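So the structure is just underneath, and the comments pick up after that.
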Amino acid sequence: MTQHVHEQDRLAWFNHDRFGMFIHWGLYAIPARGEWVRNREKLSIQDYQPYFDDFDPDLYNPKEWAKLAKEAGMKYAVMTAKHHDGFCLFDSELTDYKATHTKANRDLIREYVDAFRAEGLKVGLYYSIIDWHHSDYPAYHDRIHPMRGNEAFKDADHQFDRYISYMHGQVKELLTNYGAIDVLWFDFSYDDMKGEKWKATELVSMIRQLQPQILIDNRLGGNVLAAEPESYAGDFASPEQILPPKGIVNELGQPVPWEACITLNQNWGYHAHDHDYKSTKTVVRGLVECVSKNGNLLLNVGPDARGAIPEPSQAILRDVGAWMKRNSRSVYGCGAASLDKPEWGRYTQRGNKLYAHILERGIGPTAFEGLQGRVKQARLLADGSEINISTPWNGEAFKGYLFANFPHAELPCDIDTIIEFELAEDSAKA
């Protein structure tokens with residue numbers, strides 16, 4: 001029971017803040033064909049070396065990134081300290097394959113951590129437990145390694161225990177050298193490369209000793225949905241590029257904290273020719289959908305090779321921020337409502353405040369099933385103006401419904417019009 005309470009305490013900020021920034025950045029920003037370019041094109045370390053030699057992000061200014069995240073209404077961030085290509089943005093003592101040995105000539109993670117903390121944001125680090133650069137990581141028989149099936153690697157003598165020591169050592173560096181870290185976001189387990197293959201119990205034990213309050217995702221290979229999950233199963237589920245149809249529950253039917261990681265376009269890392277961006281409306285409605293199902297949204301940006309977040313990404317985040325400035329009360333601290341999903345949109349709820357996210361205007365008054373006699377007052381959240389909820393003459397035949405009477409044929413906000421209902425205290429949990 002003590003452990004359960006501690007877990008809930010650890011997750012309190014995460015379940016409140018709901019919205020974070022994911023940042024995928026590294027050498028792959030130079031070829032600008034996505035973060036899996038080595039895998040897809042089967043590039044050798046030698047093929048990839050020019051990007052290490054040329055890495056010189058002269059426009060990198062994480063203070064600007066942090067300000068953008070804050071303006072968007074994001075409360076935390078997670079940045080790639082090391083991706084699958086093995087390149088480290090931090091100054092690891094365990095490798096020379098790091099930013100301090102490029103033209104950047106400095107610890108880019110330290111600057112990120114300091115900048116985001118200065119804006120009052122929680123700080124997370126992404127760390128790939130996969131490594132395509134390390135000589136002791138299996139290559140020939142591994143189905144995702146760039147050198148899979150390459151005869152030159154067929155008889156390579158991989159000392160995997162040596163790689164595990166390296167990986168554990170880097171995690172220790174990240175949790176020792178940068179102060180309090182709020183999230184450690186591992187990526188990822190597959191096939192038989194999971195769980196104790198990573199010495200996950202030992203790894204998580206070290207992590208918890210170094211930083212007891214840190215949150216860990218579920219990608220070490222445990223089952224976060226089990227009735228009794230492994231010690232390394234993680235604090236939250238991490239669905240990728242999908243919003244779970246009805247949220248996420250464990251085997252006992254209990255809600256499990258979760259965070260959907262979603263790209264703004266079609267790639268995580270910078271892709272110079274990917275202009276398929278999600279609209280502000282899509283992002284806002286996705287965030288609301290996550291919250292309505294007790295989840296978070298971790299929304300990705302992929303800075304370019306010079307260290308700048310692409311302008312289209314910035315524009316979308318600023319527009320999301322403009323909406324959040326007026327409507328964030330329906331997001332922060334909110335979760336699933338006590339009512340079923342309505343036909344015109346979604347509900348989120350915090351205590352006796354019920355937020356109706358009206359996405360479809362329909363014709364005539366908007367009907368709210370199960371709220372008749374339960375509402376003390378109704379206000380348009382964006383400006384605090386009163387909403388007329390008296391039963392109109394044409395609604396008298398429909399018993400059990402409360403009605404909102406909008407004066408115009410179109411909704412005030414095309415993205416998401418929100419009514420804040422204050423429920424009578426005795427009905428808030430009904």
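The values are calculated or read from the model by the stated rules, or taken from the named source; none is laboratory data. Not measured: the values here are computed from a predicted model. Methodologically, a virtual Cβ is constructed for each residue, glycine included, from the backbone with ideal geometry; neighbour enumeration extends over all protein chains shown. Accessible surface areas use protein heavy atoms only, side chains included; no ligands, DNA or RNA. Shrake-Rupley method; radii C 1.70, N 1.55, O 1.52, S 1.80 Å.
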On the Cα set of segment 368-409, report Rg and Dmax in Å, please. 10.8, 32
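Of the cross-linked pairs Lys82/Lys281; Lys82/Lys194; Lys82/Lys197; Lys70/Lys103, which ones have a Cα-Cα span greater than 22 Å in the structure shown?
Result: Lys82/Lys281; Lys70/Lys103 exceed 22 Å.
Using only C-alpha positions, report the orientation-averaged shadow area of the convex hull of segment 257-310, nm², one decimal.
So the mean shadow area of the Cα hull is 3.9 nm².
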Expressed as a whole percent, how much of the Cα-Cα distance distribution for segment 89-246 exceeds 25 Å? 38 percent
Just the C-alpha atoms of segment 341-410: what Rg/Rh do they give, with Rh taken as the Kirkwood radius? 0.92
Cα extents of segment 188-341 along the three principal axes, largest first, in whole Å? 46, 43, 29
Could you work out how far the C-alpha centroid of segment 189-209 sits from that of segment 52-122, in angstrom? 25 Å
Extending each Cα 7 Å along its Cβ direction at Lys67 and Asp54, get the distance between those two points in nm, one decimal. 3.0 nm
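Taking 8 Å as the Cα distance limit and 6 or more residues as the minimum spacing, I'd like the relative contact order of segment 74-158 as a percentage.
29 percent
Just order 65-76, 352-363 by mean Cβ neighbour count inside 10 Å, highest at the front, would you?
Numbers: 65-76: 22.0, 352-363: 18.3.
Ranking the peptides 65-76, 352-363 by packing returns 65-76, 352-363.
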P(r) for segment 125-216, please, calculated from all Cα pair distances in 10 Å bins and given in %. 15, 46, 27, 10, 1
Which length gain, in nm to one decimal place, applies between Asn405 and Asp383 when the Cα-Cα distance is subtracted from 0.36 nm times their residue separation? 6.3 nm
I need the peptides 368-379, 107-118 ranked by packing, meaning the mean over residues of other C-beta atoms within 10 angstrom, with the highest value on top. 107-118, 368-379
Find the accessible area per residue for the chain; the probe is 1.4 Å, ligands and nucleic acids are left out, and the unit is Å². 44 Å²
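Normalising by the residue count of the chain, find the relative contact order in percent from Cα pairs under 8 Å and 6+ residues apart.
Details: 851 pairs, mean separation 69.8, N = 430.
With pairs under 8 Å counted, the relative contact order is 16 percent.
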Expressed as a whole percent, how much of the Cα-Cα distance distribution for segment 297-372 exceeds 18 Å? 57 percent
FRET efficiency, Lys42 to Ile363 (Cβ-Cβ, R0 51 Å, nearest 0.05): 0.35
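Report the gain in length on full extension from Asp276 to Leu252: 0.36 nm times residue separation, minus Cα-Cα distance, nm rounded to one decimal. Before the final figure, lay out the partial values.
On the way: separation 24, 0.36 × 24 = 8.64 nm, distance 3.95 nm.
Fully extending the segment from Asp276 to Leu252 adds 4.7 nm.
Using only DSSP helix segments of four residues or longer, with each worth -39500 (n - 2.57), what per-residue ellipticity at 222 nm results for the chain after dividing by its residue count and rounding to 500?
-8000 deg cm²/dmol
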In the full protein assembly as shown, how much of Ser44 is accessible to a 1.4 Å probe, in Å² to the nearest 10? 20 Å²
Before anything else, pin down the relative contact order of segment 24-133: Cα pairs under 8 Å, at least 6 apart, normalised by residue count, whole percent. 30 percent
Ranked packing of 278-287, 81-90, 293-302, most packed first, by mean Cβ within 10 Å: 81-90, 293-302, 278-287
